[in-house]
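Report on the following structure.
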Amino acid sequence: YLAKDRGQSGIVVYESRVHTEALERLALRADLQRALTRSELVLHYQPIIDLRTVAVKGFEALVRWQHPTRGLMSPALFIPMAEETGLILPLGAWVLRAACEAAADMQRPGCAPTMSVNVSAQQLSQPGFVDSVLAALTDTGLPSDRLTLEITETVILRDLDTVAPRLAALREVGVKVAIDDFGTGYSSLAYLSSLPVDVLKVDKSFIDKVTTDKQAASLAEAIIALSHKMHFTTVAEGVEQPEQAAWLRKARCTYGQGYLWSRPVDLAAARAMLGSEVGF
Ligand code: C2E
Ligand code: CA
Ligand code: CA
Ligand code: CA
């Protein structure tokens, strides 16, 4: 309305847009608080594929917000806001429980899919974090070795003295820890080998280039080979092309995840993938 009242000068239009965005953010913030109590959050599940057998090994739980007027919203639009407001704590607790519940429900003799859950810095810095994970496992009946916590290296390294013993305690009972988006931070593999970690998720930015860029391919190959020497399991993120999957299999990457096999899907669709080979 500012632009209309005062003429079409660039500055006024710009101010008006900033103003609108700020108002929208405020509105969304209030909405997010309500979303938690009105169960508007949903989990989608993206399969993680064993590159050797091409079977579904497990899923990553990815949160979405079924907003009453905006429709299904991407976490990129509300996770940062949840972190700013502290709402990430109740949100994260809900995600952990719901994901464990879904995974517990999927367990069958001969079919024991894993569930990977993203954990943010604030959750990890809560003194009660370990207990809350243990309680989620106990209450849902999910065997602890079926749960993987995904954490970025920046979050682990920021407060290593606090975080390392917590992760160690969880690994003690069988919970797996994955470094998310590996390769986008600053730490070396040699350093990571001293951390309480089981899985490296190689960031999509590497996977994007493995079939087109020789240097990126050499780097990815070296990361995968060295990871295995250090007893990490490797997961390639964001696999979109069959050629990438073939390359990764040849490089002996253990698992792959990406649109090539499936986008994140709802619980019913995720269940339907279990026990079937997805192929490529
Ligand atoms: P992330 O943990 O790195 O998750 C992977 C993201 O890559 C997901 O986006 C997934 O849909 C997308 N992706 C997977 N395969 C492909 C592919 O082949 N191509 C492309 N272009 N993208 C692919 P999504 O679901 O939008 O999640 C974005 C980010 O939001 C996640 O990145 C994670 O950092 C955060 N997030 C999602 N759920 C949660 C949650 O429950 N808690 C926390 N703290 N963060 C979450
Ligand atoms: Ca993740
Ligand atoms: Ca990731
Ligand atoms: Ca990523």
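The values are calculated or read from the model by the stated rules, or taken from the named source; none is laboratory data. Because the structure is predicted, anything quoted here is derived from the model rather than measured. Here the Cβ is made from the backbone with ideal geometry for all residues, glycine too, and neighbour counts use every protein chain on show. Quick note on the areas: whole protein, heavy atoms, side chains included, nothing else; ligands and nucleic acids left out. Shrake-Rupley method; radii C 1.70, N 1.55, O 1.52, S 1.80 Å.
In the range 208-218, the count of residues that are within 24 Å of Ser120 (Cβ to Cβ), within 16 Å of ligand 4 (Cβ to nearest atom) and at pLDDT below 95 is zero.
The criterion of being more than 18 Å from Ala61 (Cβ to Cβ), β-branched (Val, Ile, Thr) and more than 13 Å from ligand 1 (Cβ to nearest atom) does not hold for Thr184. For the range 225-240, which positions are within 25 Å of Leu62 (Cα to Cα) and surrounded by fewer than 22 Cβ atoms within 10 Å (Cβ to Cβ)? Passing the criteria: Thr233, Gly238, Glu240. Taking the listed residues Glu243, Glu221, the one that is assigned to a helix (DSSP H, G or I), open to solvent by 60 Å² or more (accessible area, probe 1.4 Å), touching a residue at least 24 places away in the same chain (Cβ under 8 Å) and within 16 Å of ligand 1 (Cβ to nearest atom) is Glu243, with no other qualifying.
For every residue, the table says whether it meets (1) farther than 26 Å from Asp105 by Cβ; (2) more than 18 Å from the chain's Cα centre (by Cα).
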| position | (1), (2) |
| --- | --- |
| Gly128 | no, yes |
| Val133 | no, no |
| Leu137 | no, yes |
| Arg146 | no, no |
| Glu153 | yes, no |
| Asp159 | yes, yes |
| Thr162 | yes, yes |
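Out of Ala135, Ala178, Ala168, Ala164, I need the residue that is within 16 Å of ligand 4 (Cβ to nearest atom) and aliphatic (A, V, I, L, M). Which one? Ala178 is the lone residue from the list that is within 16 Å of ligand 4 (Cβ to nearest atom) and aliphatic (A, V, I, L, M).
Kindly establish whether Ala82 is touching a residue at least 12 places away in the same chain (Cβ under 8 Å), hydrophobic (A, V, I, L, M, F, W, C) and farther than 20 Å from Asp139 by Cβ. Criteria met by Ala82. A Cβ distance below 6 Å, combined with a sequence gap of six or more or placement on separate chains, defines the contacts here; from the range 146-162, residues that are farther than 15 Å from Ala136 by Cβ and of a type in the set (A, V, I, L, M, F, W, C) reach residues that are part of a helix (DSSP H, G or I) and open to solvent by less than 10 Å² (accessible area, probe 1.4 Å) in the pairs Ile156/Val163. For the range 187-234, the candidate set comprises residues that are acidic (Asp, Glu) and closer than 23 Å to Thr114 by Cβ; within that set, the residue that is farthest from ligand 3 (Cβ to nearest atom) is Asp198. When the range 260-274 is filtered for residues that are open to solvent by 50 Å² or more (accessible area, probe 1.4 Å) and in a loop (DSSP other than H, G, I, E, B), the ones remaining, listed by number, are Arg263, Asp266. In the range 34-109, counting only strands (runs of 3 or more DSSP E) that sit wholly within it, the ones holding 2 or more residues that are open to solvent by less than 10 Å² (accessible area, probe 1.4 Å) span 41-50, 56-67. The set of residues in the range 29-52 being away from ligand 1 (no atom under 16 Å from the Cβ) and over 18 Å from Ala270 (Cα atoms) consists of Arg29, Ala30, Asp31, Gln33, Arg34, Thr37, Arg38, Arg52.
For Leu147, the criteria (1) at pLDDT 95 or above; (2) in contact with an Asp or Glu (Cβ under 7 Å, 6 or more places away or on another chain) hold in every case but one, which is (2). With respect to the conditions (1) within 15 Å of ligand 4 (Cβ to nearest atom); (2) at pLDDT 95 or above, Leu124 lacks only one, and its number is (1).
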